[in-house]
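Colleague: Before I ask anything, here is the structure I am working with.
The values are calculated or read from the model by the stated rules, or taken from the named source; none is laboratory data. What you see is a predicted model, and the numbers here were worked out from it, not measured in a lab. Every residue, glycine as well, gets a Cβ built from its backbone with ideal geometry; the counts of neighbours run over all protein chains shown. Accessible surface is based on the protein model in full, side chains and every heavy atom, while ligands, DNA and RNA are left aside. Shrake-Rupley method; radii C 1.70, N 1.55, O 1.52, S 1.80 Å.
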Amino acid sequence: MSDNTFGKNLRFTSFGESHGSTIGCVLDGFPPGMAITTDEIKLELLRRATGKSRHTSQRKEKDDVKIVSGVFEGVTTGHPIGLIIENTDARSKDYTDIAEKIRPGHADYSYWKKYGVRDYRGGGRSSARETTMRVAAGAMAKKWLRLNYDVNIVAWLSQIGDIHLQASDLSVIDDNPFFCAEPEQVPHLEQFMDKLRKSGDSVGARISACATNVPAGLGEPVYGKLDAEIASAMMSINATKGVEIGAGFASVAQNGSVHRDEIVDSRFLSNHAGGILAGVSTGQDILVHTAFKPTSSLRIPGKSMDIHGNNVEVVTKGRHDPCVGIRAAPIVEAMLALVIMDHIMRHSAQINSGKTTQS
Ligand code: EPS
């Protein structure tokens, strides 16, 4: 059974492909009464867009989002919110040479095995183009969380290749093309990416995210744990290969006496848990790290097969990201916002929803 929807009380569904006429989403369950404009959504879309620097795909999409339902006189109505964006700069002819060839490491192989149909135009449904809709819906969730709970969500580049980056100043992430929070490293990143692009190769990246002021008590044990649903949301983003919450895999090497977050005067002394204990938020910052693999559409020839089973060499033309992770921070923020908002709505639907008390 196909599945293009996530969320329970706030349900997000997307449709569309990289080279189709339009991509869009429906956000159902959004509470009524919040003011929203296309300009506000566009600000977030611009943060994610291709073609902003020489370090990303040079496809230039306007990403002019239209609100087609669920907003009347600038305010959400409580009805399904429909958002669409027209694709205006797809160049399907770039893919003619690989119409029957499978890019190694790409959804080309698994989608073809699954569906038996090959949409060779760009990444088709598997393309990062789909993430525009997550970011558009996430812009609304981020605003709602900020207005109602003062929740702030920020994501930044914490590693690219073997370059580790500190979160020394989160206020500068939108001032450079990498969402880098360590400004002194930006010239180094520019050089690194220039060299990589010239080589025709690609590289992976790690995006870290923090959500502050998240209320304690979110998460639905035992199959709707907050960390499980955050991990699921992050793993649904294109090219993700791993998610860590708090100390994540480093917990393996920690002793319990170190890992536990001790409490003094009702305050936690550390945050190895990443703000979530037993799948339920503690009120501490939620900390999430997501690994993005190196992009598989490369100019460097690679051994593969065609759809007839012949051995072939594959070279990908077109306008590709040498590191898809460097524009993933807004997508991670959007997914985190949508999951947290859904969980606030789910929590309030159960807890204190009736008048019964213990007696
Ligand atoms: C992508 C390939 C490139 C990127 C695209 C993601 O596009 P095309 O399908 O035309 O080759 O430019 O990203 C976007 C257009 C976007 O807005 O994110 C891919 O294969 O994932």
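Colleague: For the range 46-106, which semi-axes, largest first and in whole Å, follow from the square roots of 5 times the eigenvalues of its Cα gyration tensor?
Modeller: Semi-axis lengths for the range 46-106 are 33, 16, 11 Å.
Colleague: Still on this structure: If the viscosity is 1.306 mPa s and the temperature 10 °C, what translational diffusion coefficient in µm²/s does Stokes-Einstein give for the range 86-239 when Rh comes from Kirkwood over Cα pairs?
Modeller: For these conditions, the coefficient is 84 µm²/s.
Colleague: Now for a separate question. Using just the helices of the chain, give the 222 nm mean residue ellipticity in deg cm²/dmol: DSSP H runs with n ≥ 4 each add -39,500 (n - 2.57), and the total is spread over all residues, rounded to 500.
Modeller: -8000 deg cm²/dmol
Colleague: I've got another one for you. Which order do Phe30, Phe268 take when ranked by solvent-accessible area (1.4 Å probe, heavy atoms of all protein chains), largest first?
Modeller: The most accessible residue leads, giving Phe268, Phe30.
Colleague: Want the number for Ala349 to Asp97: 0.36 nm per residue separation, take away the alpha-carbon distance, what's left?
Modeller: 85.4 nm
Colleague: Which percent of Cα-Cα pairs in the range 1-160 sits in each 10 Å bin, short to long?
Modeller: For the range 1-160, the binned pair fractions read 9, 35, 33, 18, 5, 0 percent.
Colleague: With label points built 7 Å along Cα→Cβ from the Cα atoms of Gln58 and Lys198, find their separation and express it in nm.
Modeller: 1.6 nm
Colleague: Additional query: To the nearest 10 Å², what's Thr5's accessible area with a 1.4 Å probe?
Modeller: The value for Thr5 is about 60 Å².
Colleague: Next question. Express in nm, to one decimal, how much length is gained between Tyr149 and Ile163 on full extension, taking 0.36 nm for each residue of separation and deducting their alpha carbon distance.
Modeller: Length gained, Tyr149 through Ile163: 1.5 nm.
Colleague: Turning to a different aspect of this structure: Need the C-alpha centroid separation for the range 290-315 versus the range 137-211, integer Å.
Modeller: What the calculation gives is 27 Å, centre to centre.
Colleague: Obtain the nm distance between the two label points defined at Asp306 and Ser171 by a simple spin-label model: each point lies 7 Å from its Cα along the Cα-to-C-beta direction.
Modeller: If labels sit at Asp306 and Ser171, their model points lie 5.8 nm apart.
Colleague: Could you rank Tyr115, Tyr223, Tyr95 by how accessible they are, 1.4 Å probe, largest area first?
Modeller: Tyr223, Tyr115, Tyr95
Colleague: In addition: Around Leu226, with a cut-off of 15 angstrom between Cβ atoms, what is the net charge of the other residues, counting Lys and Arg +1 and Asp and Glu -1?
Modeller: Net local charge, Leu226 excluded: -3.
Colleague: Sticking with this structure for a sec: Can you give the charge dipole size of the range 5-351 about its Cα centre, rounded to the nearest 20 debye, using +1 on the beta carbon of Lys and Arg and -1 on the beta carbon of Asp and Glu?
Modeller: So the magnitude is around 1100 debye.
Colleague: Sort Asp64, Asp342 from largest to smallest accessible area, using a 1.4 Å probe on the heavy atoms of the protein chains.
Modeller: The ranking, largest first, comes out as Asp64, Asp342.
Colleague: Per 5 Å bin, what is the whole-percent P(r) computed from every C-alpha pair distance within the range 290-341?
Modeller: Distribution as computed: 4, 17, 16, 16, 13, 12, 9, 7, 4, 1 percent.
Colleague: Could you compute Rg(Cα) / (2.2 N^0.38 Å) for the range 89-149, with N its residue count?
Modeller: 1.58
Colleague: How charged is the neighbourhood of Arg125? Take every other residue with its Cβ under 10 Å from the Cβ of Arg125, and add Lys/Arg as +1 and Asp/Glu as -1.
Modeller: My count for the surroundings of Arg125 gives -2.
Colleague: Taking only Cα atoms and a 10 Å spring cutoff, compute GNM fluctuations for the chain and point out the largest among Gly204, Gly78, Gly256.
Modeller: Gly256
Colleague: Report the Rg/Rh value for the range 5-351, based on alpha-carbon coordinates and the Kirkwood definition of Rh.
Modeller: Dividing the radius of gyration by the Kirkwood radius yields 0.97.
Colleague: Shifting gears a bit: Would you be so kind as to identify all helices of the chain, as entire DSSP H runs, whose Cα atoms reach 27 Å or more along the helix's own axis and whose mean Kyte-Doolittle hydropathy is at least -0.5?
Modeller: The qualifying helices are 329-350.
Colleague: Could I ask something else about it? Which shape class, rounded, prolate or oblate, goes with the range 10-65 when its Cα gyration tensor gives a ≥ b ≥ c as root eigenvalues, a/c under 1.5 marks rounded, and past that a/b bigger than b/c marks prolate?
Modeller: Oblate, since a/c reaches 1.5 and b/c is not below a/b.
Colleague: Holding the Cα-Cα limit at 26 Å, pick out from Lys60/Lys195; Lys60/Lys317; Lys66/Lys101; Lys62/Lys113; Lys241/Lys303 the pairs that are longer than that.
Modeller: Lys66/Lys101; Lys62/Lys113
Colleague: Extending each Cα 7 Å along its Cβ direction at Lys317 and Phe72, get the distance between those two points in nm, one decimal.
Modeller: For the pair Lys317/Phe72, the computed spacing is 5.1 nm.
Colleague: Can I ask one more? Need one number for the range 190-330: average projected area of the convex hull over its C-alpha atoms, nm².
Modeller: 12.6 nm²
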